Amino acid sequence: MTTIGYARVSTTDQDLSIQIAALRAAGCDVIRSEKVSGTSTTGRVELQTILDFLRAGDVLTVTRIDRLARSIGDLQDIVRAVRAKGASLKATEQPIDTGTAAGKAFLDMLGVFAEFETNLRKERQLEGIAKAKANGVYKGRKPSIDVDKVRALKAQGIGPVAIAKTLKIGRASVYRALEGGGT
């Protein structure tokens, strides 16, 4: 049986040291960490490595469940993957142990609250963007494609694929520019 720790922060300027110290204190034999968003499992290489190499009897340990997943769907997928390997999941700061009925129930409740919190944050962000747009402050990102260059190359008889290669942009962007939509 191996106890494997997983630590994660969302941005590169955040510090992993507190989580790593807590995982060491919890007796983790191996600790994997990464700095990547937790809103999906895509791009979470260290987590995927752990899930790939878990064996029966192993314990995946995190400090808090929000370090593992931010949506109930992702959390359930991760828990299913852990269970399928015959391993279990524990959290150092929460009474979570998927080896017990109470631990499983608490895990599901925390997952629901974490997803609720993420959805509230997204709603607040969208409200802020809408307000900034209404005040003329938020204009979105600057166009990355020069539509005039695309149209000029097309006028010279150059096809969309060649335009895309010349300007080092995607073919779909060329078609959007030619249709008048920009990027």
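Ordered by packing density, taken as the mean number of other Cβ atoms within 10 Å over each peptide's residues, highest first, how do 46-56, 132-142 rank?
46-56, 132-142
For Leu153, Leu68, give the ranking by accessible area with the largest first, probe 1.4 Å.
Sorted descending by solvent-accessible area, the residues read Leu153, Leu68.
Excluding residues fewer than 8 places away in the same chain, name every one of the lysines whose C-alpha is closer than 16 Å to that of Lys133.
The qualifying lysines are Lys142.
If you average over every viewing direction, what projected area does the convex hull of the Cα atoms of segment 113-183 give, in nm²?
For segment 113-183, averaging the hull's shadow over all directions gives 6.7 nm².
Reported to two decimal places, what Rg/Rh ratio describes the chain when computed on Cα atoms with Rh from the Kirkwood expression?
1.18
Could you work out which residue, out of Gly103, Gly43, Gly157, moves most in a Gaussian network model of the chain, that is, has the largest mean-square fluctuation with Cα springs under 10 Å?
Gly157
Quick check: Cα centre of segment 1-35 to Cα centre of segment 77-111, how many Å?
Between the Cα centre of segment 1-35 and that of segment 77-111, the gap is 17 Å.
If you stretched the chain out fully between Lys122 and Gln156, how much longer would it get, using 0.36 nm times the residue separation minus the C-alpha to C-alpha distance?
Contour length minus Cα-Cα distance gives 7.7 nm.
Using modelled backbone amide H atoms (1.01 Å from N, in-plane), which distant-in-sequence or interchain residues come within less than 5 Å of Ile31's amide H?
Gly5
Enter the accessible area of Glu123 (Å², nearest 10), with the probe set to 1.4 Å and all protein chains included.
Glu123 exposes around 100 Å² with every protein chain in place.
Leaving ligands and nucleic acids out of the surface, order Arg124, Arg64 by accessible area at 1.4 Å, largest first.
The ranking, largest first, comes out as Arg124, Arg64.
Considering only protein heavy atoms, what per residue accessible area in square angstrom results for segment 115-183 with a 1.4 angstrom probe?
Value for segment 115-183: 77 Å² per residue.
Could you give the size of the charge dipole of segment 1-119 about its Cα centre, using +1 on the Cβ of each K and R and -1 on the Cβ of each D and E, expressed in debye and rounded to the nearest 20?
Once rounded to the nearest 20, the dipole reads 280 debye.
Probe radius 1.4 Å, ligands and nucleic acids left out: which of Val9, Val112 has the largest accessible area, and how do the rest follow?
Val112, Val9
Go through Lys35/Lys85; Lys139/Lys168; Lys122/Lys165; Lys131/Lys168; Lys139/Lys165; Lys35/Lys131 and tell me which ones have a Cα-Cα distance over 27 Å in this structure.
Lys122/Lys165; Lys131/Lys168; Lys139/Lys165; Lys35/Lys131
Per residue of the chain, what 222 nm ellipticity follows from adding -39500 (n - 2.57) for every DSSP H run with n ≥ 4, rounded to the nearest 500?
Computed ellipticity for the chain at 222 nm equals -16000 deg cm²/dmol.
The values are calculated or read from the model by the stated rules, or taken from the named source; none is laboratory data. A quick note: this is a predicted structure, and the numbers were derived from the prediction, not measured. A quick note on method: Cβ atoms are made from the backbone with ideal geometry, for glycine too, and the neighbour counts reach across all protein chains shown. Surface areas here come from the heavy atoms of the whole protein model, side chains and all, with no ligands, DNA or RNA. Shrake-Rupley method; radii C 1.70, N 1.55, O 1.52, S 1.80 Å.
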